[in-house]
Amino acid sequence: MAQDAPPRWDRKMRQRLMRGEAAALGELYDRFASLVYGLAHRVLQDEEAAAGVTREVFAHVWEHPDTYRPKEGPLRSWMAALAQRHAVQQLRLRHREDGRPPDQLEQRVRAASAAARADYIVTAMPVTLRSALELAHRERRSYREAARDLGVTEDEARRRLRLGLQLLSTAAPAAPRPPGAPGGPDGPGGRGGAR
């Protein structure tokens, strides 16, 4: 998996795209197509639809390279956000066409968005953290076994697992607060509270 490109590369890529360099689009596609497709597929659960979203995202980048702002973050993150936004739009359209209830759609959108964010976080995290998580999760290894497999101390294995899990926890959407709860719709600090 490609690592996040340095900001300098991101700025140069934006400049090349703004000049209309087709080779730049090809280079961008080679670097990020699997990320975009993977995130779209995670949301839509459909290969053809994910391929369509991938085409839409790269068409958007080609037509509007100026919408990327290097100062706001890496190009990789921007591409991931575009993929998620286009995939969620496609999911909403599909649900409307199928006549499904809106609450069912929003629940699916939240779940799919959280899963896509988790996938992105895992692929973007340093390989040291990702390896520890994969051993613990996929291979059901204890931190002691992971330490042995990774050739690190048990303390280091615990640290890597803890950091990896902390990063993953940011993917989960915040649970809606019930009415009357602090920060909830009718509680102090909520939309219904005093302003």
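Quick note: the coordinates plus some simple rules give every number you see, no bench work behind them. What you see is a predicted model; the values in this text were computed from it and never measured. Cβ atoms come from the backbone with ideal geometry, glycine included; neighbour counts cover every protein chain shown.
Could you pull out the trypsin sites (Lys or Arg not before Pro) across segment 141-172 that fall in loop regions by DSSP (anything but H, G, I, E, B) with no more than 13 other Cβ atoms inside 10 Å?
In loop regions of segment 141-172 (DSSP not H, G, I, E or B), there are no sparsely surrounded trypsin sites (Lys or Arg not before Pro).
Any chance you could check the Cα centroid distance between segment 42-74 and segment 94-145 for me, in angstrom?
19
How far apart, in nm, are the 7 Å Cα→Cβ label points at A81 and R55?
2.6
Stretched out fully, how many nm does the piece from E139 to D46 gain, at 0.36 nm a residue minus the Cα gap?
Result: 30.8 nm gained on full extension.
As an exercise, identify the GluC sites (Glu not before Pro) in segment 82-179 lying in DSSP coil whose Cβ has no more than 12 other Cβ atoms within 10 Å.
On the way: sites: E97, E106, E134, E139, E145, E154, E156; in loops: E139.
In loop regions of segment 82-179 (DSSP not H, G, I, E or B), the sparsely surrounded GluC sites (Glu not before Pro) are E139.
Kindly write out, for segment 92-102 in residue order, the coupling ³J(HN,Hα) from the Karplus curve 6.51 cos²θ - 1.76 cosθ + 1.60 (θ = phi - 60°), rounded to whole Hz, with x marking Gly and Pro.
In residue order, the calculated couplings are 5, 4, 4, 5, 4, 5, 7, x, 6, x, x Hz.
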